[in-house]
1. Within the range A:225-243, can you find the residues that are in a helix (DSSP H, G or I) and surrounded by fewer than 20 Cβ atoms within 10 Å (Cβ to Cβ)?
2. Please give the number of the condition residue A:346 fails out of (1) hydrophobic (A, V, I, L, M, F, W, C); (2) modelled with pLDDT of 85 or more; (3) under 15 Å from residue A:398 (Cβ atoms).
3. Can you tell me which residues in the range B:75-108 are part of a helix (DSSP H, G or I) and within 14 Å of chain A (Cβ to nearest Cβ)?
4. Can you name every residue in the range B:48-74 that is in contact with a helix residue (DSSP H, G or I) (Cβ under 9 Å, 6 or more places away or on another chain), more than 10 Å from every other protein chain (Cβ to nearest Cβ) and either open to solvent by less than 10 Å² (accessible area, probe 1.4 Å) or part of a helix (DSSP H, G or I) (or both)?
5. For the range A:21-45: of the residues being more than 8 Å from chain B (Cβ to nearest Cβ) and among the aliphatic types (A, V, I, L, M), which is most open to solvent (accessible area, probe 1.4 Å)?
6. For the range A:153-166, indicate whether the set of residues that are in contact with a Lys or Arg (Cβ under 7 Å, 6 or more places away or on another chain), open to solvent by less than 10 Å² (accessible area, probe 1.4 Å), under 30 Å from residue B:73 (Cβ atoms) and more than 14 Å from every other protein chain (Cβ to nearest Cβ) is non-empty.
7. What single numbered condition from (1) touching a residue at least 24 places away in the same chain (Cβ under 8 Å); (2) within 19 Å of the chain's Cα centre (by Cα) fails to hold for residue A:175?
Amino acid sequence: MTNLSLFGRTVCIVDDDEIIRQLMTVKLREYGISVMEASTGPELFAIMGRMQLDCILMDYALASDNGLFVHDQLRQRFLNVPPVIMLTSDDSQRTIIKAFRTGVQDYLIKKDLRIEDLFRSIQLAIERRDKDDAIKAEFERLKSHADIDEVTGLYRGEIVQTMLASLATLSAKAGKSFAIILIQIDQFKTVQAQAGQVPARRLLSVFATKLRGAIREADICGRGDEQDSFIYIVDHAVNRLGAETTAERLKQAVSFDLNLDRLNLSISADFGIAIFPENGDSPEALIRSARADLGYLAIDSATSAEGHAPADAIVVKTDERRVNARKRVFKGGKIVVNEGRLVLDCSVRDLSEAGARLRVATEFDVPELFELRVFGSGEGRSVRMIWQHGKEVGVEFVK
Amino acid sequence: VSEGNPIAGGSYVGQSVESQRHIQDLRQRLIERSALDANELERRLEEFASTGVMPQRDLTRRIAHRMVGAAAILGFPDLSAAAEKLMNAIGSETEAEPVRIAYAIKTLIEAIRSLSP
């Protein structure tokens with residue numbers, strides 16, 4: 001149980017019943033809590049506009065608004081929303097579930113309420129909030145003290161490692177997750193070997209400029225453990241899906257055409273994701289895990305979903321245009337081999353009239369011919385495997 | 001005197017005399033407000049008896065809802081329970097709903113009036 005003192009903290013009680021507001025005010029002041037009162041959403045917004053609150057006690061059924069609607073409005077209007085505890089007479093399971101889904105910290109029923117429970121709930125909500133703030137402050141401090149790599153304009157690799165270690169320690173204490181995305185320039189080593197150091201350095205610099213333009217303010221990005229890699233830290237995307245969305249966005253930003261000493265290149269990158277602590281509880285383990293995941297998004301912008309680009313060749317841009325428009329999708333699917341004797345799960349990432357890009361859960365040699373069933377798309381279709389890169393598979397539809 | 005919820009319950013070590021007095025005031029205000037609500041509810045009962053239609057169901061529900069929380073939190077569990085029954089009677093969407101509401105209103109009025117000296 002927390003021993004956090006609430007003395008001097010500010011709590012706002014939002015209730016359209018003046019009697020309830022006054023009672024709460026009397027009780028909370030006994031604990032040294034400073035109490036503000038609001039009877040409507042707009043009154044709360046006005047208070048939020050002039051002072052920082054530590055916690056909000058919100059009635060569900062306000063006279064003019066619904067408490068959850070007010071909560072939603074709060075999050076749209078203010079960057080730093082304090083924890084919200086619903087305090088209401090409505091004990092329907094549906095409302096409680098709905099409230100927790102919108103991110104309220106706790107849900108207390110007025111008729112069962114004990115002052116100790118209310119106090120403990122406020123304590124926990126504020127303590128949780130304090131921990132989050134400490135992580136954010138440390139994150140900001142690290143960002144401001146970091147050294148910048150002169151070629152890329154991004155944090156040096158050592159700094160990124162320090163930040164990762166710090167974030168891992170803090171997140172472990174707070175029971176939080178964060179994600180790292182390892183980004184590796186597809187053709188850097190080939191350019192370095194075939195065209196030399198200067199073009200390679202230029203490629204690195206241009207690539208980093210594109211990447212820098214896509215970094216969100218809340219995230220950290222810096223050099224990775226290899227010359228052609230970068231590490232992108234997302235401390236608020238706590239699951240794989242959120243990190244994949246970020247990776248997709250970054251991929252679009254770093255897919256571009258580049259002219260290097262008469263070489264017209266189509267540049268792209270490989271992406272690997274690792275989530276703390278599921279995939280590793282140290283910077284080294286996370287990077288190792290992200291490296292093993294490299295290629296899950298691998299498809300060169302110059303090649304279609306159906307075409308294969310050898311990993312060790314420079315992809316030279318041509319004037320060819322894709323015949324079939326490729327649509328980015330994220331659908332579940334099944335790989336059905338030998339008339340259903342073997343069925344494997346996959347996800348469908350790109351889809352065109354001619355083919356698709358698939359990702360399988362575990363790496364294995366995908367057969368040349370099989371049936372692909374995409375959820376929600378009716379009957380399965382016969383496909384031919386055109387290329388395979390780790391867990392990524394490009395297929396064309398067979399008529 | 002409160003045998004009800006501890007949030008407004010009897011005095012305890014550390015509770016100031018001022019707090020106790022303030023809470024007693026609030027309890028008294030709730031009794032007075034509920035008495036006004038009872039008069040309002042009684043008018044609705046009369047209208048229902050003469051027209052067969054239960055008027056202003058939403059407003060009745062609001063009165064009941066407000067009373068459930070305030071009465072419970074201020075240590076009037078019986079009043080809170082009666083108000084909750086009225087709240088639940090509204091919106092049951094059965095043919096017997098108006099009759100249920102009327103019965104629940106009557107019970108609530110009795111619970112309110114039992115608080116007054």
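1. To start, the set of residues in the range A:225-243 that are in a helix (DSSP H, G or I) comprises A:240-243.
Answer for the range A:225-243, where residues must be in a helix (DSSP H, G or I) and surrounded by fewer than 20 Cβ atoms within 10 Å (Cβ to Cβ): A:240, A:241, A:242.
2. (3)
3. First, pick out the residues of the range B:75-108 that are part of a helix (DSSP H, G or I): B:77-89, B:97-108.
Correct list: B:77, B:78, B:79, B:80, B:81, B:82, B:83, B:84, B:85, B:86, B:87, B:88.
4. Result: B:48, B:49, B:57, B:59, B:60, B:63.
5. Among those that are more than 8 Å from chain B (Cβ to nearest Cβ) and among the aliphatic types (A, V, I, L, M), it is A:36.
6. Within the range A:153-166, not a single residue is in contact with a Lys or Arg (Cβ under 7 Å, 6 or more places away or on another chain), open to solvent by less than 10 Å² (accessible area, probe 1.4 Å), under 30 Å from residue B:73 (Cβ atoms) and more than 14 Å from every other protein chain (Cβ to nearest Cβ).
7. Going through the list (1) touching a residue at least 24 places away in the same chain (Cβ under 8 Å); (2) within 19 Å of the chain's Cα centre (by Cα), residue A:175 breaks only (1).
Residue by residue, here is whether (1) over 32 Å from the mean Cα position of the chain (by Cα); (2) of a type in the set (D, E, K, R) holds:
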{"position": "A:34", "(1), (2)": "yes, no"}
{"position": "A:39", "(1), (2)": "yes, no"}
{"position": "A:51", "(1), (2)": "no, no"}
{"position": "A:64", "(1), (2)": "yes, no"}
{"position": "A:69", "(1), (2)": "no, no"}
{"position": "A:75", "(1), (2)": "no, yes"}
{"position": "A:91", "(1), (2)": "yes, yes"}
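The values are calculated or read from the model by the stated rules, or taken from the named source; none is laboratory data. Predicted model only: the values in this text are computed from it and were never measured. Here the Cβ is made from the backbone with ideal geometry for all residues, glycine too, and neighbour counts use every protein chain on show. Areas reflect the complete protein model, heavy atoms only, side chains present, ligands, DNA and RNA absent. Shrake-Rupley method; radii C 1.70, N 1.55, O 1.52, S 1.80 Å.
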